[in-house]
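What follows is a single structure, written as structure tokens, with notes after it.
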Amino acid sequence: MTPLILGLSGTALTDEERGFFREVDPAGFILFKRNVSDRVQVKALTDELRTLSGRDDVPILIDQEGGRVARMQPPQWSAFPRGSDFDRLYDVAPMSAIEAIRANAQALAVMLREVGVNVDALPLLDVRQPGAHDIIGDRALGTEPLRVAALGRATLEGLKAGGAVGVVKHMPGHGRAMSDSHVELPVVEASAEELETDIAPFHALNWAPMGMTAHVVYTAWDRDQPGSLSAKVIGEIIRGRIGFDGLLMSDDLGMHALKGNFTDRAAGVIAAGCDIVLHCSGDIDEMRACAKGVSGIAPHARGRLDAAMATIAGAADSASFDDLVAKRDALLALA
């Protein structure tokens, strides 16, 4: 197995993808809007990915946050609220907000598991900061760390109850970025003392099974490298100060925040301390280049992967999607 989570080009595997995936045996896969059309198609695709990998618990990820980040969309699937909707309810009734977001996350997991997806790249634990770029914006759970942590915890609990693993992101915090890391490299000039606000929710939920790094430079910690490529940020801040010991994946290597060829990018994030390289575009040439930058998955990384997937073994309960959505909507109506 190689420490790669890879995207696909379309709604069905090509012969070239099948051959490549058999050759490199990626740790997991990630789906995007280009990969989904209807329930039957997605279930057939995820079934083939499981057969190809030979692992029933192979991670199959998706970014299904709600609001503007939703790969599975109406009319085939239900729309879900934004993170800011639960933040607004928290102002009125904190416990209702926690119950609403837990039901929401469980409903998400039920919807995903129906089509064979078992990991949702959620919750965002980025603390929203005034004046920052809107790439986080209304996706965030709030501007106060304890609130973000409380709503994030309920999200992880709801996902697990529905049978999906959650991924806390973007470690150690994207909420201050003044630019979009999909487009360019953000540089955060905040002091180490100010950044305590950003890392607080991640520290509170450092037991999360999976986490994702941020392609952001934090000058207080490392002036030269973004978090995903910084041994100091990963070793001293994410693993040390935050205390996170779950599976750590990079953000997408295809984002324009990173420079250089894909082989060097992949090698760089592993050398910095990430367990897994994430590459999302489905471009076969880029994926081949990433594969050249890595070797077999490290034993400690494989252990974290297995432990993360074991958290949902037999976890899905019998709550119905419609009941969970009804509960969420009734609580959100209180805001």
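The values are calculated or read from the model by the stated rules, or taken from the named source; none is laboratory data. Nothing here was measured: the structure is a model prediction, and the numbers come from that model. Glycine gets a Cβ as well: all are built from the backbone with ideal geometry, and neighbour counts include every protein chain shown.
Do any residues in region 232-250 that are more than 19 Å from G303 (Cβ to Cβ) have Cβ atoms under 7 Å from those of residues that are modelled with pLDDT of 95 or more and among the acidic types (D, E), where the two are at least six apart or on different chains, and which pairs are they?
K232/D222; V233/D222
What tally of residues in region 177-207 results from selecting those that are at pLDDT 95 or above, of a type in the set (D, E, K, R) and assigned to a loop (DSSP other than H, G, I, E, B)? I'd like the intermediate steps shown before the answer.
Within region 177-207, the first condition is being at pLDDT 95 or above, and the residues that meet it are 187-207.
From what's left, of a type in the set (D, E, K, R): 189, 193-194, 196, 198.
Next cut, assigned to a loop (DSSP other than H, G, I, E, B) only: 189.
Total satisfying the criteria: 1.
Given the conditions (1) more than 26 Å from D323 (Cα to Cα); (2) of a type in the set (A, V, I, L, M); (3) part of a loop (DSSP other than H, G, I, E, B), report the number of the one that L4 does not fulfil.
All conditions pass for L4, except number (3).
Any residue in region 179-199 that is surrounded by 13 or more Cβ atoms within 10 Å (Cβ to Cβ) sitting within a Cβ distance under 9 Å of a residue that is in a loop (DSSP other than H, G, I, E, B) and among the hydroxyl-bearing types (S, T, Y)? List the pairs, counting only those 6 or more apart or interchain.
L185/S179; P186/S179; V187/S179; V187/T219; V188/T219; A190/T219
Across region 208-252, which residue is farthest from E196 (Cα to Cα) among those that are part of a helix (DSSP H, G or I) and in contact with a strand residue (DSSP E or B) (Cβ under 6 Å, 6 or more places away or on another chain)?
Applying the filter and picking the extreme gives S228.
Which residue pairs have Cβ atoms closer than 8 Å, lie 6 or more positions apart in sequence or on different chains, and pair a first residue in region 306-321 that is assigned to a loop (DSSP other than H, G, I, E, B) with a second residue that is surrounded by fewer than 17 Cβ atoms within 10 Å (Cβ to Cβ) and of a type in the set (S, T, N, Q)?
none
Take the residues of region 277-299 that are outside any helix (DSSP H, G or I) and either at pLDDT below 95 or out of contact with any Ser or Thr (no Cβ under 7 Å at 6 or more places or on another chain) (or both): which is surrounded by the fewest Cβ atoms within 10 Å (Cβ to Cβ)?
Out of the qualifying residues, it is S295.
Can you tell me which residue is modelled with the lowest pLDDT among those in region 304-335 that are under 27 Å from L8 (Cβ atoms) and among the small types (G, A, S)?
Keep residues of region 304-335 that are under 27 Å from L8 (Cβ atoms), which gives 304-313, 315-316, 321.
Okay, now just the ones that are also among the small types (G, A, S), so 307-308, 310, 313, 315-316.
Values: A307: 98, A308: 98, A310: 97, A313: 91, A315: 74, A316: 70.
Going through the qualifying residues, I end up with A316.
Among the residues of region 218-227, are any closer than 30 Å to Y90 by Cα, β-branched (V, I, T) and either surrounded by fewer than 24 Cβ atoms within 10 Å (Cβ to Cβ) or in contact (Cβ under 8 Å) with a residue 60 or more places away in the chain (or both)?
Among the residues of region 218-227, not one is closer than 30 Å to Y90 by Cα, β-branched (V, I, T) and either surrounded by fewer than 24 Cβ atoms within 10 Å (Cβ to Cβ) or in contact (Cβ under 8 Å) with a residue 60 or more places away in the chain (or both), which makes the answer no.
Any idea which of N104, N35 is at pLDDT 95 or above, within 30 Å of I297 (Cα to Cα) and polar (S, T, N, Q)?
Numbers: N104 fails: within 30 Å of I297 (Cα to Cα).
Every option except N35 fails the conditions.
Out of R18, R88, R55, I need the residue that is free of Cβ contacts under 8 Å to residues at least 12 places away in the same chain and either buried (at least 18 other Cβ atoms within 10 Å of the Cβ) or not aromatic (F, W, Y) (or both). Which one?
Selected residue: R55, the only one of R18, R88, R55 that is free of Cβ contacts under 8 Å to residues at least 12 places away in the same chain and either buried (at least 18 other Cβ atoms within 10 Å of the Cβ) or not aromatic (F, W, Y) (or both).
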